[in-house]
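Below is one structure, written out as structure tokens, with a few remarks after it.
What follows draws every value from the coordinates through simple rules; no lab data is involved. Just so we're clear, the structure is a prediction, and the values are computed from it rather than from any experiment. Backbone-built Cβ (ideal geometry, glycine too); neighbour counts: all protein chains shown.
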Amino acid sequence: MTGPSIECAEQLSFTALRELPLIEAGDDLAATLGNALERTGITLRACDVLVVASKLISRAEGRFVDLGALRISSRARAIARRVELDPRVVELVLDESVEISRLARGVLITRNRHGVVCANAGVDLSNARPSGAAAGSGPWALRLPEAPDHSAERLRRALAEQSGVPVGVVISDSVGRPFRLGSVGIALGVAGMPALWDQRGRSDLFGMKLEHTLTALADQVATAAELVAGQAAEARAVVHVRGLRFPNEEHCAKELVRAPDLDLYAGLPRSRESDESS
């Protein structure tokens, strides 16, 4: 059993696009990226991939939230006291979540609407203010894109129409992990490239068949791109990737989400606080 025919060159290139403007609600992101590709001196080729930070998609889709305008529920206030977080942030996190996974002082881990277990449901407080916000409004937050796979597909189609070649799009975000320090990139949305690389059935150096090798290709690409994009004030939110070869097929990031009955992490005993607040 083998998955799509995928090739990875011995040397991949990861190039951040130059001079991206601050994205606002309603901006034509495909046109903006096309201009940035031209400024960076890149002409798209078949099987190139663009890794786009989810924040750009959220800003273009107007996913801004004025925290000062939120009505805070009693549940959000109770959880906020327990974890010592802003109750407005907790209210927004609960609205973006399907369940609380873990909570502790300063920590609120949930399973968000996209099936991803992460801190604060992926709600972002940095660079989250719309440029036209009224004085005195806010503080501001950004929700994740409403439907990242659909957003990736729309962008893929627009880029393919501009360039005339099939390309891949990964919408990325940074998440922590329960058993290791530090964050890594993951693919929230995928279009035009495989999310998973199923290598089961291939032979190793000694002729043994691989039985369990299922590689999260889109997550690997998202993480590698973060090394170029940065995490602070670099303003390099889109990375061009070259050197992969894959079939032009329909795929999505939902392929990466483990089914609930196979999610061993979800089956771990929860803290008493988490049980009481779920």
Report summary line: Neighbour-count ranking for 89, 49 (other C-beta within 10 angstrom, fewest to most) reads 89, 49
Query raised in the report: In whole Hz, what ³J(HN,Hα) sequence does region 154-165 give by Karplus (6.51, -1.76, 1.60; θ = phi - 60°), x for Gly and Pro?
Result: 4, 5, 4, 4, 5, 5, 5, 5, 5, 8, x, 10
Query raised in the report: In deg cm²/dmol, rounded to 500, what helix-only [θ] at 222 nm does the chain give when every DSSP H run of at least 4 residues adds -39500 (n - 2.57) and the total is split over its residues?
Result: -8000 deg cm²/dmol
Query raised in the report: Put +1 on the Cβ of each Lys and Arg and -1 on the Cβ of each Asp and Glu in region 64-142; which of 80, 115, 133 then has its Cα farthest toward the positive end of the dipole?
Result: 80
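Hey, can you rank 250-259, 50-59 by average C-beta count inside 10 Å, highest first?
Going from most to least packed, we get 50-59, 250-259.
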Requested in this report: Take each of the peptides 11-24, 150-163, average the number of other beta-carbon atoms within 10 Å over its residues, and list them starting from the highest.
Outcome: 150-163, 11-24
Query raised in the report: FRET efficiency for residue 146 and residue 126, Cβ-Cβ distance as r, R0 = 25 Å, nearest 0.05?
Result: 0.80
Query raised in the report: Dipole magnitude of the chain about its Cα centre, charges +1 at Lys/Arg Cβ and -1 at Asp/Glu Cβ only, in debye to the nearest 20?
Result: 600
